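Structure, as structure tokens:
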Amino acid sequence: MSVLDIIKERKSVRKYKEDSIPEEVFFRVLEAARLAPSGKNLQPWKFIIVKDRTLKEELAEASAGQFFIAKAPVIIVACGFPDYCYADMGRYMKSWSVDVTIAVEHLILVAQDEGLGTCWIGSFEEQDVKSILNVPENVKVLALTPLGYPDEEPRDRGRKALEEIVSYDTF
Ligand SMILES: Cc1cc2nc3c(=O)[nH]c(=O)nc-3n(C[C@H](O)[C@H](O)[C@H](O)COP(=O)(O)O)c2cc1C
């Protein structure tokens, strides 16, 4: 399948089977994150793999009560290192959130290719997630995603037309 086909197929999954993920499949998903590009190749990230049921439920609670994430066999918590990244992107920002986002998207697309579902979770209390998982003060939590076999076929949520988002030679 082409990368574009995988991109077209991917949708946020909010209902999961409890089936566990074979080790070799899980390895390929993590490998996709590991191989992501980053500013100055500093790779300012860490991915916390959460399988413990109690921790998953606590993370769901800390994510605005989105309890569907605790049903997946795994929750991946993507963290970034603001003190160890390309610090002058566009002369105005640090790269860590972009770096981590690219790595998470890599992971999401390979998960899709492996028949696994994901859902980017951006609604969470960072301080709560940090205390649940012992994340150090100087490390940021960027996103969570459940990872598991889908138990639903999500509907297509549509996108803006290309003409609306692309311009040529000038803004
Ligand atoms: C930054 C970001 C934050 C998001 N936060 C949540 C969230 O907290 N809960 C949720 O169910 N979906 C969340 N989503 C998923 C979006 O709602 C979803 O990607 C969008 O509606 C398009 O649907 P699709 O992913 O099925 O194509 C988030 C996505 C992004 C990129």
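What to note about this one:
- Filter result (of a type in the set (S, T, N, Q) and under 18 Å from the mean Cα position of the chain (by Cα)) within the range 29-88: SER38, GLN43, SER63, GLN66
- Residue tally, condition surrounded by 18 or more Cβ atoms within 10 Å (Cβ to Cβ) and either part of a helix (DSSP H, G or I) or touching a Ser or Thr at 6+ places or on another chain (Cβ under 6 Å) (or both), over the range 86-96: 1
- Here the condition is being more than 13 Å from the ligand (Cβ to nearest atom), within 16 Å of ALA32 (Cα to Cα) and in a helix (DSSP H, G or I); of VAL104, VAL110, it holds for VAL110 alone.
- From LEU133, LEU147, residue being under 23 Å from PHE27 (Cβ atoms), within 16 Å of the ligand (Cβ to nearest atom) and not acidic (Asp, Glu): LEU147
- Subset tally (residues that are away from the ligand (no atom under 16 Å from the Cβ) and either in contact with a strand residue (DSSP E or B) (Cβ under 7 Å, 6 or more places away or on another chain) or of a type in the set (A, V, I, L, M, F, W, C) (or both)) for the range 150-171: 3
- Residues within the range 113-138 that are part of a loop (DSSP other than H, G, I, E, B) and free of Cβ contacts under 8 Å to residues at least 12 places away in the same chain, tallied: 3
- Flag if ALA33 is under 25 Å from GLN127 (Cα atoms) and touching an Asp or Glu at 6+ places or on another chain (Cβ under 6 Å): no
- Qualifying position, being part of a loop (DSSP other than H, G, I, E, B), modelled with pLDDT of 95 or more and surrounded by 18 or more Cβ atoms within 10 Å (Cβ to Cβ), among ILE48, ILE21, ILE69, ILE76: ILE21
The values are calculated or read from the model by the stated rules, or taken from the named source; none is laboratory data. Please read all numbers here as calculations on a predicted model, not as lab measurements. Here the Cβ is made from the backbone with ideal geometry for all residues, glycine too, and neighbour counts use every protein chain on show.
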